[in-house]
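Reading through the structure tokens given below for one structure.
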Amino acid sequence: MTSFLYANAFLIITLVKIVLMLVILLTVNAYLTWFERKLVAHIQSRWGPHRVGPHGLLQPLADGAKFLLKEDPTPAGVDRFVYFLAPLLSLGLAMTSIAIIPFGPDPLPWLILGQKVYLGIADLNIGILGLFAITALGVYGIALAGWSSNSKYPLMGGLRSSAQMISYELAMTMSVVGVLLTAGSFSLRDIIDAQKNAHGIFGWQGIFSWSIFAGPLPQILGFFCFYVAAIAETNRAPFDLPEAESELVAGFHTEYASFKFAMFFIAEYTSMITVSCLCSILFFGGWLSPFPPSWTFTFYLPSLILIPSGLWVIWDGLRYETIWGRLILPGIGAALVAIGAALILLPALNNFIQGPFWLLSKIFVFLFVYVWMRGTLPRFRYDQLMSFGWKLLLPVSLVNVVLTAGAILWRGY
Amino acid sequence: MIPTSYYLVLSAILFGLGVVAFIFKRNVITIFMSIELMLNAVNLAFVAFSRALGQLDGQVFVLFVIVVAAAEAAVGLGIVILIARNRQSLNVERVDLLKL
Amino acid sequence: MNAPLLVFFVLAALAVGGAVNLILQKHPIHSALSLIVVMVSLAGLYLLMGAEFVAAVQIIVYGGAIMVLFVFVIMLLNAGIEEHTNFSKLAGFAGIPLALAVTGFIAAAVARSNDAVLSVSQTGAVAPTKELSTLLFREFVYPFELTSFLILIAILGAIVLAQREHS
């Protein structure tokens, strides 16, 4: 038995990583919906969900139960195979794109089954290109969903949405070329390593070596093009006309009921997470800390954040109104304090956790900006959206490519 | 591990299936798709030979074939849209006279 | 039967199955979906041969752009199930055996050939993108620029063709 495990160690470890990644991803999606509802609510001066569990933390569970138990009707006259295929395609492709993203620089401090286990399922040589390939196929989920519903609002919504997606895909891929020229490789790990070795203004490292501030040309233009194009690509506000309630009933997923709608929903939030990961890896240094590597005292920052926030959660939990809140919240707080203390006491674990900590905090910041934009900005009209993509973003990303190439030649990189 | 001839046989089979689809299907869009299938079969042969000979010229040519297929699909589908508009049918057997 | 051979047979079966399904389906959208399956499995085969850049370009351009164009046109033109006409029984009787015979001849010729090239095994070594791009932009720069011109002509042609008459 053990010799079988050791012989196929790579395959077994990859399978375990895939299962773990799926579980973590679904949980993060669920709590991302909670985070979005709370944040949009607070932006709009109201409370979000706060009844179902302390601070509404069990709301995703209630939503999940609703999606599973609601009636799932299939409208008449749909093309059955395509109707059932579309949400599967959307969800499957969105989940696949997480496999390419590396979450940490070093392997785990322990060998598992004799192999070093890196944090990331697949590090492709064509990393970012593979991700764009998966995004390109994601258009089908929406187009086929709109068409197979045999109804005019979904058809219009589906066609508009897929036209929007393919228009902004071009701008998205062109805006990344500047980073690729600087790094010289498609692989995401190599891109972050290139940022580690770059020197910013006056030779400063840390935050000034990230792609957006350093290199032959600081990729500020590229970042803005990429972020805006990626928001349009994921059909989020302010580019969410094809699925807005007041415009097209619900766009391409009008005829989709409980579980299939949940699949589209999860696919959208997963692609949000993927875009945030990509932004932080390509332009903001991935797992590199904003402080120079020589300032090792900043290694205690995760503990410094975890312990006080854990204590605050305990204090807030003890004063909560319901009995469940008084039990669950101090438990969560105690767990946070325990993790923070463990990081101080085990330096090997602390060194290992630095990379993933910074990457996860950057991803969190981008998700925050995503939700912030949804709560604040009005929608684009469809013709404004298309002209913005073709007439502004695409030329700007092309100019970015030309300027970066010129800067590389001029500064002799 | 996998001999080149396996890839070439697969390429021949796909090409043959493309020819069969071209002859037997009546919808003009499906006929276009069979042309794309034939081009894909040829691309497979190119990449297989490029690997066998150890040169990358085959892969460069595959990129050109893909680009030409894209241009051809765009213009061809434009023509298909015009045919559909003027003759209200996508059946190639109804598009057999120059006059409407 | 080692792992690469197994993967090859799975991908080849998917490709051939998709191509056969393209012929057997009556609705063009199902044929289009089968063709997408063929293209993705061919991209998998390119990855197996180590041509990773070509695999990515195949999925992005063929699967993500050209086939999207086909799917859009099928949706916009509301193409329905193929009508059944009584033409060309001759094609049915003579065509399928002929096509099978041609394919069989090519396949047999390839399989029986003693040419050394044909038995070079496809190793798993990866084709570096850097050398591919060096080749593309040095030896093949003239065809490269010509293809960009070709795409421009195709864009103009498609726009002119699809315009409605301003009468």
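Of everything in the range C:13-28 that is part of a helix (DSSP H, G or I) and surrounded by fewer than 21 Cβ atoms within 10 Å (Cβ to Cβ), the residue that is farthest from the chain's Cα centre (by Cα) is C:LEU24. Just one of the listed residues (A:ASP123, A:ASP106) is more than 14 Å from chain C (Cβ to nearest Cβ) and touching a residue at least 24 places away in the same chain (Cβ under 8 Å), and it is A:ASP106.
State yes or no: is A:LEU61 loosely packed, with under 14 Cβ neighbours inside 10 Å, more than 23 Å from the chain's Cα centre (by Cα) and part of a helix (DSSP H, G or I)? When the stated conditions are applied, A:LEU61 does not pass them.
As a summary of the residue check, A:PHE132 satisfies the conditions (1) within 20 Å of A:THR96 (Cβ to Cβ); (2) surrounded by 24 or more Cβ atoms within 10 Å (Cβ to Cβ) except for the one numbered (2). Looking across B:SER50, B:SER34, B:SER89, B:SER11, one residue alone is of a type in the set (Gly, Ala, Ser) and surrounded by fewer than 19 Cβ atoms within 10 Å (Cβ to Cβ). It is B:SER89. When A:TYR83, A:TYR168 are checked against the criterion of being surrounded by fewer than 24 Cβ atoms within 10 Å (Cβ to Cβ) and in contact (Cβ under 8 Å) with a residue 40 or more places away in the chain, a single residue qualifies: A:TYR83.
Could you tell me which of the residues A:ILE344, A:ILE353, A:ILE363 is touching a Ser or Thr at 6+ places or on another chain (Cβ under 7 Å) and either buried (at least 17 other Cβ atoms within 10 Å of the Cβ) or at pLDDT 90 or above (or both)?
Answer to the selection: A:ILE363.
Contact annotation: residue pairs with Cβ atoms under 8 Å, 6 or more positions apart or on different chains, pairing a residue in the range A:389-402 that is in contact (Cβ under 8 Å) with a residue 40 or more places away in the chain with a partner that is β-branched (Val, Ile, Thr), are A:LEU393/A:VAL228; A:SER397/A:VAL177; A:ASN400/A:VAL177; A:VAL401/A:VAL177. Taking only pairs six or more apart or across chains, which ones have beta-carbon atoms under 8 Å, a first residue in the range B:1-19 that is within 7 Å of another protein chain (Cβ to nearest Cβ), and a second residue that is of a type in the set (D, E, K, R)? If the second residue must be of a type in the set (D, E, K, R), the pairs left are B:THR4/B:ARG51. Mind listing whichever residues of the range B:82-98 are more than 8 Å from chain C (Cβ to nearest Cβ) and free of Cβ contacts under 8 Å to residues at least 40 places away in the same chain? Listed by number, the residues that qualify are B:ARG85, B:ASN86, B:ARG87, B:GLN88, B:SER89, B:ARG94, B:ASP96, B:LEU97, B:LEU98. Here A:LEU26, A:LEU5 are screened, and the one residue that is assigned to a helix (DSSP H, G or I), touching a helix residue (DSSP H, G or I) at 6+ places or on another chain (Cβ under 9 Å), more than 29 Å from A:TYR370 (Cα to Cα) and of a type in the set (A, V, I, L, M, F, W, C) is A:LEU5.
Checking C:ALA79, C:ALA12 one by one, the residue that is facing another protein chain (nearest Cβ under 7 Å), more than 17 Å from B:GLU36 (Cα to Cα) and modelled with pLDDT of 95 or more is C:ALA12 and no other. No other residue among A:TYR370, A:TYR320 is in contact with a Lys or Arg (Cβ under 8 Å, 6 or more places away or on another chain), modelled with pLDDT of 90 or more and among the hydroxyl-bearing types (Ser, Thr, Tyr) apart from A:TYR370. Kindly indicate whether any position in the range B:30-52 is within 30 Å of C:SER133 (Cα to Cα) and either in contact (Cβ under 8 Å) with a residue 60 or more places away in the chain or in contact with a strand residue (DSSP E or B) (Cβ under 6 Å, 6 or more places away or on another chain) (or both). Yes, the range B:30-52 contains at least one residue that is within 30 Å of C:SER133 (Cα to Cα) and either in contact (Cβ under 8 Å) with a residue 60 or more places away in the chain or in contact with a strand residue (DSSP E or B) (Cβ under 6 Å, 6 or more places away or on another chain) (or both).
B:PHE24 fulfils the conditions (1) over 14 Å from the mean Cα position of the chain (by Cα); (2) crowded, with 19+ Cβ neighbours inside 10 Å except for a single criterion, (2).
Checking every residue in the range A:100-111 against the condition of being out of contact with any helix residue (DSSP H, G or I) (no Cβ under 7 Å at 6 or more places or on another chain) and charged (D, E, K, R) gives zero matches.
Being more than 7 Å from chain C (Cβ to nearest Cβ) and either part of a loop (DSSP other than H, G, I, E, B) or among the basic types (Lys, Arg) (or both) is the filter here, so list the residues in the range B:49-81 that pass it. Correct list: B:GLY54, B:GLN55. The one condition from (1) more than 25 Å from A:THR33 (Cβ to Cβ); (2) modelled with pLDDT of 85 or more; (3) over 15 Å from the mean Cα position of the chain (by Cα) that A:LEU306 does not meet is (1).
Each row is one residue, and each column tells you yes or no for (1) within 30 Å of A:LYS391 (Cα to Cα); (2) facing another protein chain (nearest Cβ under 8 Å); (3) out of contact with any Gly (no Cβ under 6 Å at 6 or more places or on another chain).
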site	(1), (2), (3)
A:GLY138	yes, no, yes
A:GLY141	yes, no, yes
A:SER149	no, no, yes
A:MET165	yes, no, yes
A:TYR168	yes, no, no
A:VAL176	yes, no, yes
A:SER185	yes, no, yes
A:LYS196	no, no, yes
A:PHE208	no, no, no
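The single condition among (1) at pLDDT below 90; (2) surrounded by 19 or more Cβ atoms within 10 Å (Cβ to Cβ) that A:GLY206 does not meet is (2).
The values are calculated or read from the model by the stated rules, or taken from the named source; none is laboratory data. Remember, it's a predicted structure, so these values are computed and weren't measured experimentally. Every residue, glycine among them, receives a Cβ derived from its backbone with ideal geometry; neighbour counts consider all protein chains shown.
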